[in-house]
Amino acid sequence: MQYYSLTNPQEKTNFATAVVNGIAPDRGLYFPESIPKLEADFFVSMESMDIHEMAALAMYPYVEGDIPKNVLDEIIQNTLDFDFPVVPITENIGSLELFHGPTLAFKDVGARFMAQSLGYFNSRQSSKNVTVLVATSGDTGGAVANGFLGVEGIDVVILYPKGKVSKVQELQLTTLGQNITALEIDGVFDDCQDMVKTAFLDSDISSKRKLTSANSINIARWLPQMLYYFIAYRSLAHLKKPLVFSVPSGNFGNICAGMMAQQMGLPIDHFIACTNVNDAVPTYLETGNYKAVTTTPTISNAMDVGDPSNFVRIQKIYGNQFDQLKTHLSGYRFTDSATRIAMKEIHASAGYIADPHGAVGYLGLKDYMVNHSHKYGVFLETAHPVKFLDTVEETLNTKVKLPSRIQSLFSKEQKSIAVANYAELKQYLLA
Ligand SMILES: *Cc1c(COP(=O)(O)O)cnc(C)c1O
């Protein structure tokens with residue numbers, strides 16, 4: 001598969017180079033030259049297939065030419081070694097729990113897939129060390145740090161906004177050591193993301209270090225997220241109802257991967273993009289005008305993104321046709337207080353503890369289902385509630401038990417480096 005830059009279709013490269021580059025030299029996001037269509041056979045037999053076999057068939061066209069089948073099989077096995085259950089919440093709404101991975105965040109899948117792909121490319125050729133530079137609004141950092149921990153030839157530098165990630169998230173970022181360094185940035189997530197983007201274009205840095213990104217702009221992080229939709233479809237197909245996915249969205253990588261799955265032929269009826277008050281996309285769907293918003297901090301902080309990177313990919317999927325996009329995607333935004341009410345409602349009615357992000361997804365789905373009650377709706381529960389412990393406990397007035405792998409973090413030493421601005425980041429990277 002070849003990938004081209006969305007800002008210049010002539011700028012093409014293979015999967016391996018696109019993964020190592022992260023972003024195209026002209027700053028465009030990479031996009032596959034064509035979206036592979038799966039055969040009708042695949043959809044007939046997928047229910048009886050092993051999850052790994054199904055996942056490898058879906059992913060192979062994207063890596064063909066750069067990762068052999070047997071290596072991909074191994075990467076998939078190591079990536080998907082936990083469960084993705086759909087837990088019923090109401091009669092026609094389920095929660096797709098994506099948080100059973102090592103850092104309790106859905107980003108574990110993309111991070112592990114990417115880490116292993118890069119590890120494989122590195123082992124294939126004696127290339128110079130690669131530095132993974134990543135901005136996090138909370139969950140990316142932990143998942144990336146965990147996925148890359150100990151991978152040879154790769155240093156990981158994580159930028160996180162000071163005081164704007166949860167305690168558990170901060171522990172996950174700052175306690176690993178080895179090839180992982182955490183930088184505490186004086187700013188919000190968008191500042192971190194801007195610094196990362198600037199660093200990629202800085203030739204002083206690129207002449208000294210080979211940089212790549214592990215945000216969902218990187219195709220090896222972004223694309224494997226389509227597997228959630230295949231997995232959920234596989235377990236719900238027996239319902240024989242149109243399937244709707246409601247996705248709590250920040251940078252819009254996850255939902256965009258789901259849309260790719262739909263383009264490949266996966267029978268998904270509709271997508272719902274749910275945001276907190278950082279609502280550039282829901283506003284776009286109402287007005288047809290895209291305008292980035294200034295980021296406002298919320299209790300669903302992994303979605304505090306004012307200018308979602310992957311939105312250009314979503315537009316591309318639908319041929320940059322607003323009307324096309326609108327038939328496939330609905331948008332909703334919710335305030336923190338609505339989110340807290342939803343968390344209480346789900347807890348009281350179903351005995352289910354949702355984290356604030358999942359609750360935002362639930363809210364949009366609930367609204368949508370009012371007029372579509374013949375469908376089955378799945379909201380993506382993107383993080384374990386303990387990752388947002390304070391908010392969850394305070395909202396539900398209940399104690400949430402910490403899993404042991406989180407409990408053990410509290411006794412570890414935290415290390416991070418304070419960084420005030422781009423000049424300081426540059427200094428660090430050049431040192
Ligand atoms: C990253 C994240 C999101 C947003 O996902 P995008 O792919 O950036 O839209 C939602 N919820 C949680 C818990 C996250 O960590």
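Report yes if residue 365 is within 16 Å of the ligand (Cβ to nearest atom), out of contact with any helix residue (DSSP H, G or I) (no Cβ under 7 Å at 6 or more places or on another chain) and of a type in the set (A, V, I, L, M, F, W, C), otherwise no. First the steps, then the outcome.
Working: within 16 Å of the ligand (Cβ to nearest atom): yes; out of contact with any helix residue (DSSP H, G or I) (no Cβ under 7 Å at 6 or more places or on another chain): yes; of a type in the set (A, V, I, L, M, F, W, C): yes.
For residue 365, the condition - within 16 Å of the ligand (Cβ to nearest atom), out of contact with any helix residue (DSSP H, G or I) (no Cβ under 7 Å at 6 or more places or on another chain) and of a type in the set (A, V, I, L, M, F, W, C) - is met.
Of the residues in the stretch 211-252, how many are without any contact (Cβ under 8 Å) to a residue 24 or more places away in the chain and closer than 26 Å to residue 29 by Cα?
The initial filter retains those residues of the stretch 211-252 that are without any contact (Cβ under 8 Å) to a residue 24 or more places away in the chain, namely 240.
Remaining after also requiring closer than 26 Å to residue 29 by Cα: none.
Number satisfying all stated conditions: 0.
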| task | List every residue pair whose Cβ atoms lie under 7 Å apart, where the two residues are 6 or more positions apart in sequence or sit on different chains, the first residue falls within the stretch 196-210 and is under 22 Å from residue 309 (Cα atoms) and among the hydrophobic types (A, V, I, L, M, F, W, C), and the second residue, located anywhere, is assigned to a loop (DSSP other than H, G, I, E, B) and open to solvent by 50 Å² or more (accessible area, probe 1.4 Å). | result | 201/27
| message | Return the pair list, or none, for Cβ contacts closer than 6 Å from residues in the stretch 98-116 that are within 11 Å of the ligand (Cβ to nearest atom) to residues that are among the basic types (Lys, Arg), at least 6 apart or on different chains. | response | 104/387; 110/221
| said: Condition first: within 7 Å of the ligand (Cβ to nearest atom), part of a loop (DSSP other than H, G, I, E, B) and touching a Phe, Trp or Tyr at 6+ places or on another chain (Cβ under 7 Å). Now tell me which residues in the stretch 239-253 satisfy that. | reply: 252
| request: State whether one or more residues within the stretch 340-357 are within 20 Å of the chain's Cα centre (by Cα) and within 13 Å of residue 274 (Cα to Cα). | output: yes
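Regarding residue 274, is this residue open to solvent by less than 10 Å² (accessible area, probe 1.4 Å), within 15 Å of the ligand (Cβ to nearest atom), in contact (Cβ under 8 Å) with a residue 60 or more places away in the chain and part of a helix (DSSP H, G or I)? Steps first, please.
Numbers: open to solvent by less than 10 Å² (accessible area, probe 1.4 Å): yes; within 15 Å of the ligand (Cβ to nearest atom): yes; in contact (Cβ under 8 Å) with a residue 60 or more places away in the chain: yes; part of a helix (DSSP H, G or I): no.
Criteria not met by residue 274.
Given the criteria within 16 Å of the ligand (Cβ to nearest atom) and farther than 16 Å from residue 247 by Cα, does residue 353 qualify? Show your work before the answer.
Numbers: within 16 Å of the ligand (Cβ to nearest atom): yes; farther than 16 Å from residue 247 by Cα: yes.
Against the criterion (within 16 Å of the ligand (Cβ to nearest atom) and farther than 16 Å from residue 247 by Cα), residue 353 qualifies.
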| query | Hey, residue 259 hits all of (1) buried (at least 22 other Cβ atoms within 10 Å of the Cβ); (2) more than 15 Å from residue 326 (Cα to Cα) but one; which does it fall short on? | reply | (2)
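Can you tell which of 177, 163 is under 17 Å from residue 138 (Cβ atoms), of a type outside the set (S, T, N, Q), away from the ligand (no atom under 16 Å from the Cβ) and open to solvent by 10 Å² or more (accessible area, probe 1.4 Å)? Break it down into steps so the answer makes sense when it comes.
Details: 177 fails: under 17 Å from residue 138 (Cβ atoms).
Sole residue among the options that is under 17 Å from residue 138 (Cβ atoms), of a type outside the set (S, T, N, Q), away from the ligand (no atom under 16 Å from the Cβ) and open to solvent by 10 Å² or more (accessible area, probe 1.4 Å): 163.
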| message | If I go through the stretch 367-382 residue by residue, how many of them are touching a residue at least 60 places away in the same chain (Cβ under 8 Å) and either basic (Lys, Arg) or open to solvent by 70 Å² or more (accessible area, probe 1.4 Å) (or both)? | response | 3
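For the structure I just gave you, tell me whether residue 162 is within 27 Å of residue 422 (Cα to Cα) and over 20 Å from the mean Cα position of the chain (by Cα). Outline the logic, then answer.
Details: within 27 Å of residue 422 (Cα to Cα): yes; over 20 Å from the mean Cα position of the chain (by Cα): yes.
When the stated conditions are applied, residue 162 passes them.
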| When only residues in the stretch 190-222 that are farther than 20 Å from residue 427 by Cα and out of contact with any Cys (no Cβ under 9 Å at 6 or more places or on another chain) count, which is most open to solvent (accessible area, probe 1.4 Å)? | 190
| request: Residue by residue through the stretch 301-330, note down the ones that are free of Cβ contacts under 8 Å to residues at least 40 places away in the same chain and either surrounded by fewer than 17 Cβ atoms within 10 Å (Cβ to Cβ) or under 11 Å from residue 276 (Cβ atoms) (or both). | output: 319, 320, 321, 322, 323, 324, 327
| query | Here are some conditions: (1) crowded, with 24+ Cβ neighbours inside 10 Å; (2) not in a loop (DSSP other than H, G, I, E, B). Residue 171 meets all but one. Which one does it not meet? | reply | (1)
| query | Before we move on, is residue 415 more than 16 Å from the ligand (Cβ to nearest atom), open to solvent by less than 30 Å² (accessible area, probe 1.4 Å) and of a type outside the set (Val, Ile, Thr)? | reply | no
| Single match in 335, 398, 339, 382 (criterion: away from the ligand (no atom under 16 Å from the Cβ), modelled with pLDDT of 95 or more and polar (S, T, N, Q)) | 335
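Restricting to the stretch 291-325, count the residues that are farther than 22 Å from residue 192 by Cα and more than 11 Å from the ligand (Cβ to nearest atom).
As a first pass, look at the stretch 291-325 and keep what is farther than 22 Å from residue 192 by Cα: 314-325.
Okay, now just the ones that are also more than 11 Å from the ligand (Cβ to nearest atom), so 315-325.
Residues that pass the stated criteria total 11.
Of the residues that sit in the stretch 331-354 and are in contact (Cβ under 8 Å) with a residue 40 or more places away in the chain and charged (D, E, K, R), which one is nearest to residue 89 (Cα to Cα)?
To start, the set of residues in the stretch 331-354 that are in contact (Cβ under 8 Å) with a residue 40 or more places away in the chain comprises 331-336, 339-340, 343-344, 346-347, 349-350, 352-354.
Next, from what is left, pick out any that are charged (D, E, K, R): 333, 336, 340, 344.
On the way: 333: 21, 336: 21, 340: 17, 344: 13 Å.
Across the stretch 331-354, the extreme among qualifying residues is 344.
Does residue 196 satisfy the condition of being within 16 Å of the ligand (Cβ to nearest atom), in a strand (DSSP E or B) and of a type in the set (Val, Ile, Thr)? Don't jump to the end; show me each part of the working.
Details: within 16 Å of the ligand (Cβ to nearest atom): yes; in a strand (DSSP E or B): no; of a type in the set (Val, Ile, Thr): yes.
No; evaluated as a whole, the condition is false for this residue.
The values are calculated or read from the model by the stated rules, or taken from the named source; none is laboratory data. Source: prediction; values computed, not measured. FYI the Cβ positions are ideal-geometry reconstructions off the backbone, even for glycines, and counts take in every protein chain you see. The accessibility values were calculated without ligands, DNA or RNA, using every heavy atom of the protein model including side chains. Shrake-Rupley method; radii C 1.70, N 1.55, O 1.52, S 1.80 Å.
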